[in-house]
Amino acid sequence: MQSVLEDLFFGEIRSNIYDPNKNPRLKKAGQTLDENEEILSKLLEGKEKKLFLDFLNAQSDISGNSAVEHFTTGFKLGARIIGECFMGTVD
């Protein structure tokens, strides 16, 4: 039996993988986003299309960076909780 750290290293534990189909609200929002993106991509041309694509890319960057920040913050909080359980208050 491998340790949790070994499982994490070898990719057996992937906390960033989720199935949007398990959350109906998230699934519906994703479908709406995809449909609207497709419609707008067909309607827009030139500067407006570039502006829209730049907007999508910036929003994607923000979402990705936010996900990393939330993950690391949650992981640190979990580590602090574990530390406090075993050693008392950790500052």
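Data overview
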| item | result |
| --- | --- |
| Close pairs (8 angstrom Cβ cut-off, 6 or more residues apart or separate chains): aliphatic (A, V, I, L, M) in region 56-84, assigned to a helix (DSSP H, G or I) anywhere | L56/E37 |
| Neighbours by Cβ (under 7 Å, 6+ apart or cross-chain): first from region 44-55, open to solvent by less than 100 Å² (accessible area, probe 1.4 Å); second not in a helix (DSSP H, G or I) | F52/L44 |
| Top-ranked residue of region 64-91 - restricted to ones that are under 27 Å from N36 (Cβ atoms) and open to solvent by 70 Å² or more (accessible area, probe 1.4 Å), ranked as modelled with the lowest pLDDT | V68 |
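The values are calculated or read from the model by the stated rules, or taken from the named source; none is laboratory data. These numbers were taken from a predicted model, which means no experiment stands behind them. Cβ sites come from the backbone with ideal geometry, for glycine too, and all protein chains shown count toward neighbours. Protein only, heavy atoms only, side chains kept; ligands, DNA and RNA dropped before computing areas. Shrake-Rupley method; radii C 1.70, N 1.55, O 1.52, S 1.80 Å.
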